1. Among the residues of the range 170-190, is any under 30 Å from R133 (Cβ atoms), among the aliphatic types (A, V, I, L, M), open to solvent by less than 20 Å² (accessible area, probe 1.4 Å) and in contact with a Ser or Thr (Cβ under 9 Å, 6 or more places away or on another chain)?
2. Looking at G64 and the list (1) on the phi < 0 side of the Ramachandran plot; (2) exposed (fewer than 14 other Cβ atoms within 10 Å of the Cβ), which single condition is not satisfied?
3. Pairs, please: C-beta under 9 Å, at least 6 apart or cross-chain, first residue more than 11 Å from S266 (Cβ to Cβ) and in the range 285-296, second open to solvent by 40 Å² or more (accessible area, probe 1.4 Å) and not in a helix (DSSP H, G or I)?
4. Which of the residues that make up the range 159-168 are surrounded by fewer than 24 Cβ atoms within 10 Å (Cβ to Cβ) and under 19 Å from M101 (Cα atoms)?
5. Which number in (1) at pLDDT 90 or above; (2) over 30 Å from I154 (Cα atoms) marks the one condition that N49 misses?
6. Among (1) farther than 20 Å from V405 by Cα; (2) among the charged types (D, E, K, R); (3) in contact with a helix residue (DSSP H, G or I) (Cβ under 6 Å, 6 or more places away or on another chain), which single condition is R309 missing?
7. Looking only at the range 96-114, count every residue that is within 16 Å of S29 (Cα to Cα), in contact with a helix residue (DSSP H, G or I) (Cβ under 9 Å, 6 or more places away or on another chain) and not β-branched (V, I, T) and tell me the total.
8. Which one is most open to solvent (accessible area, probe 1.4 Å), of the residues in the range 199-209 that are in contact (Cβ under 8 Å) with a residue 12 or more places away in the chain and assigned to a helix (DSSP H, G or I)?
Amino acid sequence: MIIVTIIKMQNLNPPRSIALIDVNNFYVSCERVFNPKLINKPVVVLSNNDGCAVARSNEVKALGVQMGAPWFKLKDMARQHGIIGLSSNYALYADMSNRVMSILREYSPDQEVYSIDESFLDLTGFQSRDLTRYGQHMRKRILKWTGLPVCVGIGSTKTLAKLANHCAKKRPVFNGVCNFNTMKPDELDSLLSEIEVGEIWGVGRKLAPKLEALGFRSVLNLKRADPARLRQQFSVVMEKTIRELNGTVCIELEEMAPAKKQIISSRSFGQSVRDYASLAESITLYMSRAAEKLRRQQSFSGSVYVYIRTSPFKPDDPFYSNGMTLPLPSPTDDTRQLVNVALWALKQIYRPNYNYAKAGVMLSELVPAQGVQTDLFSQAQANPKSSALMSAMDSINQKLGRETVKLASEGFRRPWKMKQGNKSPAYTTRWSEIPTIFS
């Protein structure tokens with residue numbers, strides 16, 4: 001009797017309930033919150049230097065514009081269909097993202113911020129609630145408090161939650177919330193048979209043709225595959241994907257984002273750069289940004305990489321590309337020390353009479369700040385005020401705005417800075433650009 005009772009209780013255990021909340025067309029939606037004239041209009045948000053489409057409204061997608069399409073090739077179509085191209089406003093997007101994630105934190109103590117517009121929540125402990133209605137409540141609150149539309153997908157694994165979110169977006173019958181856990185097995189399989197295999201999280205465009213060639217055209221086809229056999233043909237990631245499609249949790253929520261192993265900061269210039277002084281300004285700026293990120297994740301860097309290159313797309317200009325990696329005497333997070341090393345490397349690789357199009361830096365050999373190994377003669381040991389100074393700089397810039405306090409070698413005019421010809425104001429992060437209502 002005891003054994004039978006245990007078996008029955010095990011069968012009564014409900015499946016995991018993982019929710020994925022995703023903001024619809026995030027960059028475009030952020031722009032529409034503060035500019036209602038953009039609603040129902042075809043809108044694209046462009047990459048650095050107004051290069052390519054990195055976000056598209058549904059109206060633009062309906063016109064057949066692909067992700068990553070170069071803006072200069074869309075000019076004729078834009079004039080014909082009234083497509084509005086906006087420069088990326090990263091400060092606005094980051095702030096709106098933080099607001100959404102803060103709201104979602106109230107719905108579950110177990111949250112993984114997966115990307116700027118996506119978040120996983122573990123709702124397994126909320127079985128007494130109607131999770132579909134719970135998801136609708138999330139949508140209504142986020143829309144009311146931020147103006148951003150979201151969709152919610154719920155499944156027993158992260159992979160199924162992503163697919164459920166896809167259905168919530170693409171199928172109006174779900175009204176923005178799709179809960180796989182409330183579906184009967186045959187009903188769910190019927191739905192999965194209608195979804196292309198390329199829509200599975202972790203499959204994408206590269207693996208989809210290979211899977212289709214093997215006969216796995218739908219999600220259901222892959223769900224019924226032998227995970228061990230496909231692991232041999234592809235990788236352990238494929239095996240985990242198949243098991244997750246069958247309800248076995250293989251990928252847990254990461255409540256704390258893992259520290260990055262490398263930090264890269266680079267940009268293409270808004271116009272060609274020939275002189276060393278302008279390159280030095282850009283390298284100083286990029287290293288300052290990288291050092292901020294380094295301190296934010298409480299790490300020290302053990303090496304610095306610097307590179308510069310001309311444009312490979314201008315056959316009439318001579319091409320030059322070079323980079324240099326320098327190990328540091330001891331790991332550090334001090335912007336001044338990192339910039340000094342980077343500028344020394346720049347002097348070694350710089351060549352005059354070239355039209356440089358891009359520069360960048362990379363911090364590698366990252367180690368935790370706590371308990372970092374130093375030596376008796378290291379710069380970190382010799383300058384105990386370094387940590388306090390960097391902390392003060394970060395605090396001031398966080399409160400009063402980026403680059404309120406900066407190194408003078410970053411420059412002020414910056415003719416080389418990236419193009420943002422149609423950038424919206426920093427509505428939520430700069431006092432002078434807060435929207436004003438006139439009565």
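1. Narrowing the range 170-190 to residues under 30 Å from R133 (Cβ atoms): 170-190.
Those still in the list that are among the aliphatic types (A, V, I, L, M) too: 173, 177, 183, 188.
Restricting the remaining residues to those that are open to solvent by less than 20 Å² (accessible area, probe 1.4 Å) gives 177.
From the residues that got through so far, the ones that are in contact with a Ser or Thr (Cβ under 9 Å, 6 or more places away or on another chain) too are 177.
Yes, there is a match, as at least one residue in the range 170-190 is under 30 Å from R133 (Cβ atoms), among the aliphatic types (A, V, I, L, M), open to solvent by less than 20 Å² (accessible area, probe 1.4 Å) and in contact with a Ser or Thr (Cβ under 9 Å, 6 or more places away or on another chain).
2. It fails just one condition, (1).
3. Once the first residue is more than 11 Å from S266 (Cβ to Cβ) and sits in the range 285-296, its partners that are open to solvent by 40 Å² or more (accessible area, probe 1.4 Å) and not in a helix (DSSP H, G or I) give S288/E403; S288/K406; E292/R402; K293/K260; L294/K260.
4. The answer is K162, and nothing else.
5. Tallying (1) at pLDDT 90 or above; (2) over 30 Å from I154 (Cα atoms), N49 fails exactly one: (1).
6. If we test R309 against (1) farther than 20 Å from V405 by Cα; (2) among the charged types (D, E, K, R); (3) in contact with a helix residue (DSSP H, G or I) (Cβ under 6 Å, 6 or more places away or on another chain), just (3) comes out false.
7. Residues that pass the stated criteria total 3.
8. Looking at residues that are in contact (Cβ under 8 Å) with a residue 12 or more places away in the chain and assigned to a helix (DSSP H, G or I), I get E199.
The values are calculated or read from the model by the stated rules, or taken from the named source; none is laboratory data. From a predicted model like this one, the values you see are computed outputs, not experimental measurements. Note that we place each Cβ from the backbone using ideal geometry, even for glycine, and neighbour counts take in every protein chain shown. Surface accessibility is based on the protein's heavy atoms, side chains included, excluding ligands, DNA and RNA. Shrake-Rupley method; radii C 1.70, N 1.55, O 1.52, S 1.80 Å.
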